[in-house]
Amino acid sequence: MQRFPCAHATHPQWRMAAALVLAQLRAQMALPGHARSPSLGLLYITDHYAGEARDILGHLADELREVTDWVGTVGIGVAASGVEYFDEPALCVMLCDLGPHSYRVFSGVAPLSATGRSDGFEAHTALVHADGRTPDLAELIAEIADRTSSGYLFGGLSASRGPSVQFASGSAGHLRGQGASGGVFHGGLSGVAFGPDVGIVSRVTQGARPLAPAFIVTASEGNLVLAVDEQPALERVLDVLDISLERPQEAIERLRRTLVGLTLPEQVGILPGASAREQRGQFGPEVQVRHIIGLDPARHGVAIADEVPVGSRLALCERHVQAARADLVRICAEIREELEPRLHDASMGDARVLVNTPDPPVDATERIAGAVYVSCSGRGGPHFGAPSAELQIIRRALGDAPLAGFFAGGEIAHHHLYGYTGVLTVFTRSPD
C-alpha cells in the first residue's frame, strides 16, 4: 500500500477549487512512494458547494478515470492535514491505494450484504456517512455494524444548511479506467466497507467534561429520566447545577450550557477505569453526549435527546476546550504508540536483535498511508482557540500524513452515534 494522494482547496467557484485539487493530486501521484493508480476516492465538500454536488463528482470522475469508486458527503467544514475550511466554500479529496478485492461501496440502492457476497468479500469495518433525518437512524447504524466482522464503524452525519448529500459511486459494472457514474444520494446511509486485509487504527476523542460523579438511572420512560440513585431526577440535576426553578431565566441559561454523558447498561463495567477518568475530568468512548431537551416538574423528570434505559450511567457535563485538547492529544499518542515498535516492551535479547538489524524500525508516521477525521461541527472554527488548531494538534502528532474529513452533525464510531466528539481513523501500511 502506497501513501494516499490528498488535496484540498477553497474558491468561490467550485471549478477553480477542483482544478487546484486535481493539480495537487496529479503532482503527488507522480512522486515516489505515492499511489499512482488509486481506485477509491474520498470526497468531502462544504455546504457552499452542496447544490453542485453532482457536477463536482462528475467532473472529478471524468478527470481521474483510474478512480472507479467514490464515497463522501457534505459538512459545515472540511478537514485536511493541519488545516480546516470552516464555513467557507472548499473541498477535499483523498485517493486510497486499495485493491478492488479490499473494499465495497454501499448505499441505499446497493446495500451492504448481511451474509457475505458471492465474490468472497467479507466486510470487516466500514466508513459510514448518514443523513441525520433518517428514521430509526441508531438502529440502522447498529445494523450496518452487525454486517461487519469487527462490529466497528467510523464516520459521521452530513451537515448542511442546504441540500444534505452523500457520494456513493461503485465500480460494479464499469471497466477500470472508464470512470464512475451517478452516485449522489439524499437521505439514508452510504459509505465503503473494508476487508480484513485493510489495516486501520481508530479512536474517539471526547469534547465534554463531567461536572460531577455519574448517577445511575433507576426509573425512566423512553427519553424521560424520572429517578437517579433512587431519587427524583429533576431535584438531583438542579442540586448539582446549583439552580432553582424559582429563578427560571438563570435556570434556563444554565441548562442550555449543560449536556449529559450517557453510558448504556450494556456498556457499564465493560471498559475499565470509567469512574477514574470522570474524576480526572475525562470521558471514555463508552459515553455518548446528549442534550437536555426539557424538564417535567410535575413528574420530577428530565428529558434527554435519546432513549435512557434503567441501569444507564448519566453524568452532567459541559463542553470544555482544554479537556477537548487534552483528549485529542491523548488519542493521537495512543495511535502513535500502536504504530511504533514497542522497544521498551522487548526483552534485552530481542532489543539486541532489533538494534543489530540493518534497517532501523520505521517511525509511526511512515506507517500511515492516510487518515480520516470526522469532528463535530460544534468543535470546528474558534472552539479550539484558533483557526485550524484542532487539525494542527493531529498534524503535530501524526506528521504530514494525508488526511481528509469533515465537520459533521454527529459522529459515528463503534456502533454508536456520538456528539461533540472527533473520530480519528488511520489506514496503516506495513514497513517496506
- Item | Options His8, His48; residue that is at pLDDT 95 or above, in a helix (DSSP H, G or I) and within 26 Å of Phe154 (Cβ to Cβ) | His48
- Query: Considering only the stretch 351-391, how many residues are at pLDDT 75 or above and of a type in the set (A, V, I, L, M)?
  - Reply: 8
- Listing of strands (runs of 3 or more DSSP E) fully contained in the stretch 194-241 that carry 3 or more residues being over 30 Å from Gly41 (Cα atoms): 208-210, 215-221, 224-228
- Is one or more of the residues making up the stretch 392-404 in a strand (DSSP E or B), at pLDDT 90 or above and of a type in the set (A, V, I, L, M)? yes
- Residue hits (the stretch 242-269; among the charged types (D, E, K, R) and assigned to a loop (DSSP other than H, G, I, E, B)) are Asp242, Glu246, Arg247, Arg257, Glu266
- Message: Take Pro232 and tell me if it is open to solvent by 30 Å² or more (accessible area, probe 1.4 Å) and closer than 30 Å to Glu390 by Cα.
- Response: no
- Query: Right, Val74: in contact (Cβ under 8 Å) with a residue 40 or more places away in the chain, aliphatic (A, V, I, L, M) and either open to solvent by 20 Å² or more (accessible area, probe 1.4 Å) or touching a Ser or Thr at 6+ places or on another chain (Cβ under 6 Å) (or both) or not?
  - Reply: yes
- Query: Looking only at the stretch 87-106, which residues are out of contact with any Pro (no Cβ under 7 Å at 6 or more places or on another chain), surrounded by fewer than 22 Cβ atoms within 10 Å (Cβ to Cβ) and not acidic (Asp, Glu)?
  - Reply: Gly99, Pro100, His101, Ser102
- Go through the stretch 85-110 and count every residue that is under 21 Å from Ala401 (Cα atoms), in contact with a Ser or Thr (Cβ under 6 Å, 6 or more places away or on another chain) and small (Gly, Ala, Ser). 1
- List every residue pair whose Cβ atoms sit under 7 Å apart, with the two residues 6 or more apart in sequence or on different chains, where the first one lies in the stretch 388-411 and is basic (Lys, Arg) and the second, anywhere, is buried (at least 20 other Cβ atoms within 10 Å of the Cβ). Arg395/Ser81
- Message: Looking at (1) at pLDDT below 95; (2) open to solvent by less than 40 Å² (accessible area, probe 1.4 Å), which one does Ala114 not meet, given that it meets all the others?
- Response: (2)
- Note on the stretch 372-402: residues of a type in the set (D, E, K, R) and under 19 Å from Gly156 (Cβ atoms) are Arg379, Glu390
- Item | Matching option when the condition is touching a residue at least 24 places away in the same chain (Cβ under 8 Å), within 20 Å of Gly409 (Cβ to Cβ), open to solvent by less than 20 Å² (accessible area, probe 1.4 Å) and in contact with a Leu (Cβ under 9 Å, 6 or more places away or on another chain), among Ala18, Ala79 | Ala79
- Task: Look through the stretch 297-324, keep the residues that are among the charged types (D, E, K, R) and in a strand (DSSP E or B), and return whichever of them is surrounded by the fewest Cβ atoms within 10 Å (Cβ to Cβ).
- Result: Glu318
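The values are calculated or read from the model by the stated rules, or taken from the named source; none is laboratory data. Everything numeric in this text was worked out from a predicted model, so none of it was measured. Note that we place each Cβ from the backbone using ideal geometry, even for glycine, and neighbour counts take in every protein chain shown. Heavy atoms of the whole protein, side chains included, go into the accessibility calculation; ligands, DNA and RNA do not. Shrake-Rupley method; radii C 1.70, N 1.55, O 1.52, S 1.80 Å.
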